[in-house]
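A.B. asks: Okay, here's the structure, questions in a sec.
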Amino acid sequence: EQEDAQRKVAQQAAAARLEQIEKYKVAIREKIRRFIVLPPNLQGNPEAEFDVFQLPGGEVLEVKLKRASISTAYDNAVERAIRRAQPLPLPSDPTLFQRELNLTFRAQEK
């Protein structure tokens with residue numbers, strides 16, 4: 001019984017940590033999204049995935065396009081926005097900081 005209780009507490013703690021990390025990533029995506037200037041005549045709803053490497057202060061060290069969208073112009077606009085949005089938001093709990101982030105952006109976010 002005690003093991004079950006400990007396991008349950010550990011699972012709850014892990015779930016809470018994942019929730020805080022997701023909130024942190026949402027704050028970063030929202031800040032970057034404010035800097036995206038959509039290209040004119042953009043077709044469809046392109047989706048691009050980036051790996052973003054940052055320093056502990058939120059400064060962007062490197063941006064790598066991991067999965068290109070159907071629009072090079074959109075991909076470039078998102079990369080520019082990532083660079084302009086720095087420093088990126090930091091988590092309220094410093095232990096949640098992630099040096100490497102994987103972020104996905106859609107032109108028409110749902």
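A.B. asks: Which condition number does A73 fail, the rest of (1) part of a helix (DSSP H, G or I); (2) farther than 20 Å from I21 by Cα; (3) open to solvent by less than 30 Å² (accessible area, probe 1.4 Å) being met?
C.D. replies: (3) is the only condition that A73 fails.
A.B. asks: Which count do you get for residues in the range 18-55 that are under 15 Å from the mean Cα position of the chain (by Cα) and not in a strand (DSSP E or B)?
C.D. replies: Qualifying residue count for the region: 20.
A.B. asks: Is it true that L101 is under 25 Å from R17 (Cβ atoms), surrounded by 13 or more Cβ atoms within 10 Å (Cβ to Cβ), at pLDDT below 95 and aliphatic (A, V, I, L, M)?
C.D. replies: Here the answer is yes, as L101 does meet what is asked.
A.B. asks: On to the next question. Would you please list the contacts, defined by Cβ atoms under 7 Å and residues six or more apart or on different chains, that run from a residue in the range 17-35 that is under 16 Å from E59 (Cα atoms) to a residue that is at pLDDT below 90 and in a helix (DSSP H, G or I)?
C.D. replies: Pairs that qualify, where the first residue is under 16 Å from E59 (Cα atoms) and the partner is at pLDDT below 90 and in a helix (DSSP H, G or I), are Y24/L96.
A.B. asks: Related question: What are the residues in the range 18-53 that are open to solvent by 60 Å² or more (accessible area, probe 1.4 Å), out of contact with any helix residue (DSSP H, G or I) (no Cβ under 7 Å at 6 or more places or on another chain) and either among the β-branched types (V, I, T) or more than 17 Å from L103 (Cα to Cα) (or both), if any?
C.D. replies: Residues satisfying the conditions are P40, N41, Q43.
A.B. asks: I would also like to ask the following. Looking at the range 57-70 only, could you name the residues that are of a type in the set (A, V, I, L, M), in contact with a helix residue (DSSP H, G or I) (Cβ under 8 Å, 6 or more places away or on another chain) and part of a loop (DSSP other than H, G, I, E, B)? Reasoning before the result, please.
C.D. replies: As a first pass, look at the range 57-70 and keep what is of a type in the set (A, V, I, L, M): 60-61, 63, 65, 68, 70.
Still in the running and in contact with a helix residue (DSSP H, G or I) (Cβ under 8 Å, 6 or more places away or on another chain): 60, 63, 65, 68.
A68, the sole residue that qualifies.
A.B. asks: Identify, by number, the condition in (1) of a type outside the set (S, T, Y); (2) within 27 Å of A16 (Cβ to Cβ); (3) surrounded by fewer than 13 Cβ atoms within 10 Å (Cβ to Cβ); (4) touching a strand residue (DSSP E or B) at 6+ places or on another chain (Cβ under 8 Å) that L61 doesn't meet.
C.D. replies: L61 satisfies every listed condition except (2).
The values are calculated or read from the model by the stated rules, or taken from the named source; none is laboratory data. Predicted model, so just to flag it, every value in this text is computed and none were measured. Cβ atoms come from the backbone with ideal geometry, glycine included; neighbour counts cover every protein chain shown. Just the protein is used for accessible areas: all its heavy atoms, side chains included, with ligands, DNA and RNA removed. Shrake-Rupley method; radii C 1.70, N 1.55, O 1.52, S 1.80 Å.
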